[in-house]
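The values are calculated or read from the model by the stated rules, or taken from the named source; none is laboratory data. Since this is a predicted model, take the numbers as computed values, not measurements. Please note: Cβ atoms are built from the backbone with ideal geometry, for glycine as well, and neighbour counts cover all protein chains shown. Accessible surface is based on the protein model in full, side chains and every heavy atom, while ligands, DNA and RNA are left aside. Shrake-Rupley method; radii C 1.70, N 1.55, O 1.52, S 1.80 Å.
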Amino acid sequence: MQLTNLYPAEGSRKRSKRVGRGPGCHGKTSCRGENGQNSRSGGSKGPGFEGGQTPWYRRLPKFKGFKNRNKIVYEIINLDTLERCAETNSLITPEVLCELGFVKNCQRPIKVLGVGSITKSVTVRIAKATQSAKAAIEKAGGKVEVV
């Protein structure tokens, strides 16, 4: 191996692109014309420019605040609904509530609120319950199991 035999590997070197040398371009202007905004680099209008009209991103209203992506949205069930459900079942689960049609969205977790009253003894297996709802269910002889 000698210095006169060294050359770069095939495909590792590339010729630089010669801009503005096509047919119809006469040398000095690179087919951009003589003068003016668009003859210079970076001279064109931005992507949101609407000819001087106020652009859409400034016409639209600004919305305040933010949406919490981690917020858990519960399906709400009241005690009087559990009372109606207890006529057929002593064990109340999300599946039972979906079958009976008391819950609109069966994918969401269920929360029991203390609205109304309950007299029957039931076992409730749900995601969450308020303290007043737990107290009312336990007073009626039932049990609340948070799953």
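Quick notes
- Averaging Cα coordinates gives a centre for the range 52-84 and one for the range 85-147; these two points are 27 Å apart.
- Residue pairs, from the table K71/K104; K71/K120; K17/K45; K104/K128; K71/K128, whose Cα atoms sit over 22 Å apart: K71/K120; K17/K45
- Accessible area of the range 61-147 divided out per residue, in Å², using a probe of 1.4 angstrom: 70
- Relative contact order of the chain, pairs being alpha-carbon contacts under 8 Å that are 6 or more residues apart, as %: 15
- A cut-off under 13 angstrom between Cβ atoms defines the neighbours of D80, and their net charge, with Lys, Arg +1 and Asp, Glu -1, is 0.
- Largest to smallest in accessible area, the residues Y74, Y7 fall in the order Y7, Y74 (1.4 Å probe, all protein chains included).
- Selection among N70, N5, T54 by position relative to the dipole of the range 1-70 gives N70 as farthest towards the positive end (Cβ unit charges, Cα centre).
- For the chain, C85 stand unpaired, since no other cysteine beta carbon lies under 4.7 Å from theirs.
- Residues V122, V144 ordered from highest to lowest accessible area at a 1.4 Å probe: V144, V122.
- Accessible area of the range 26-128 belonging to carbon and sulfur atoms, whole % at 1.4 Å probe: 49
- Net +/- balance of residues flanking E138 in space, Cβ distance below 14 Å, scoring K and R +1, D and E -1: +3
- J(HN,Hα) series, the range 59-68, from Karplus relation 6.51 cos²θ - 1.76 cosθ + 1.60, nearest Hz, glycine and proline x: 6, 6, x, 9, 9, 8, x, 8, 9, 7
- Dipole magnitude for the chain: computed about the Cα centre from +1 point charges on Lys and Arg Cβ and -1 point charges on Asp and Glu Cβ, it is near 1480 debye.
- Summarising the amide proton neighbourhood of A140: residues at separation of 5 or more, or on other chains, whose placed amide H is nearer than 5 Å comprise an empty set.
- Reported label for calculated Rg/Rh (Cα atoms, Kirkwood Rh) given [x] 0.93; [y] 1.58; [z] 1.37: [y]
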